[in-house]
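To start, the structure under review is shown below, and the notes come after it.
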Amino acid sequence: MLDYSVIQKAKLKLDAIHELVASKKDELATLLKKQEQDWNNVAQNKRIKSLQEFCDEFDTVEHDLTDFLELTAVCSEAELADEYARVKKQFDDFYVKTLLVGKYDGCNCVLNITAGAGGTEAQDWAEMVMRMMCRFAEQQNFDYEITDVEEGDGAGVKGASIAVNGVNAYGIFKSEAGVHRLVRISPFDANKRRHTSFVAVEVIPQIEKTEYKVEEKDLRIDVYRASGAGGQHINKTESAVRITHIPTGIVCTCQNGRSQIQNRQTCMQNLLSKLEYIHFENERRKLKNLQPVQMKIEWGSQIRSYVFCPYTMVKDHRTGAETSNVEKVMDGDLKMFSDAFLLQNAEENQSC
């Protein structure tokens, strides 16, 4: 039996965000006027495209919900079953986008993946997480590039950094920040015992025009030879760059560029983005009397568990979202976890 009240509630939610949509339409109109004088502004054109898609999608969803509610008066449930499923999914997908209103949600982002203690077992898990994040980026139609990777001892990776580019990349990927815990029969254990491994994922927005300033004396810049596959320039010169912000101990690395200058620029942008983001978060938390943002992810507080044995289950400990289809998740289907995280955050903000 179809629950028409679900569609009615969806329509009410759309009505409630008219102010948000109106502000985006006003911004779009302003940018379109500017585009007439500055049509080759890449950042501006990117924003125009994003706003246009959002406004068009809102109009389509609102129109289809209204049409469906009118059809309920003249059509049977059997006739409306397929359309019910379509408009419900259409609304759910769009509504999540309306929650991406944080200061940095629209930014590109950088993922830093670090294997926990456990040697080869944890490093193998880190490589699996890296692959999962890349597949998730592909499913969201984002561009991504592995900018840094430290190969593991025999298998997997000790750490890696992935730059993800696309509209709302940070807003969507921020749900992955934290410790990911794996339970499985180890393929590296001759006795086939069950092992638990941990991997930390850090997600930082890539802020194009950061206002954060650092002094040269607070930086330590190291150069070294890049490692791993990557073409003829790899291992020939000291092109890889590591920048350490001495007061905080924050480290950023980059080795995928073809020159030391290119890697240094990328590395510096990532460092400034991270410092500005931490400063912004600390100010925001101070206003809400919350604890300051942690510089490092604590290993004892996993956000999600992946169980391959004795049963199959992936469960997010923050939202309660779970699925038994671990293969699908490991192939990058993380949307259910991202959506649940955004919805939970929205509910918590409304209750504050």
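A few remarks follow.
- Matching residues in the range 68-109 - criterion: being of a type in the set (S, T, N, Q) and surrounded by fewer than 18 Cβ atoms within 10 Å (Cβ to Cβ): Thr72, Ser76, Gln90
- Qualifying position, being under 30 Å from Asp153 (Cα atoms) and either at pLDDT below 95 or not in a loop (DSSP other than H, G, I, E, B) (or both), among Leu80, Leu111: Leu111
- When we screen Ala43, Ala29 for residues that are in contact with an Asp or Glu (Cβ under 8 Å, 6 or more places away or on another chain), over 29 Å from Glu83 (Cα atoms) and assigned by TED's automatic domain parsing to the domain that holds Asp82, the only hit is Ala43.
- Unique residue being among the charged types (D, E, K, R), crowded, with 22+ Cβ neighbours inside 10 Å and in contact (Cβ under 8 Å) with a residue 40 or more places away in the chain when the list is Glu176, Glu145: Glu176
- Taking the criterion of being crowded, with 19+ Cβ neighbours inside 10 Å and out of contact with any strand residue (DSSP E or B) (no Cβ under 8 Å at 6 or more places or on another chain), the residues of the range 129-139 that qualify are Met132, Phe136.
- Annotation note: of Ile17, Ile113, the sole residue that is among the β-branched types (Val, Ile, Thr), under 30 Å from Thr147 (Cα atoms) and out of contact with any Lys or Arg (no Cβ under 8 Å at 6 or more places or on another chain) is Ile113.
- Given (1) farther than 30 Å from Cys75 by Cβ; (2) in contact (Cβ under 8 Å) with a residue 40 or more places away in the chain; (3) acidic (Asp, Glu), number of the condition Glu36 does not satisfy: (2)
- Being in contact with a helix residue (DSSP H, G or I) (Cβ under 9 Å, 6 or more places away or on another chain), modelled with pLDDT under 95 and among the hydroxyl-bearing types (Ser, Thr, Tyr) is a condition met by at least one residue of the range 147-166.
The values are calculated or read from the model by the stated rules, or taken from the named source; none is laboratory data. Worth saying up front: this structure is predicted, and the values here are computed from it rather than measured. Glycine also receives a Cβ, built like all others from the backbone with ideal geometry; neighbour counts cover every protein chain displayed.
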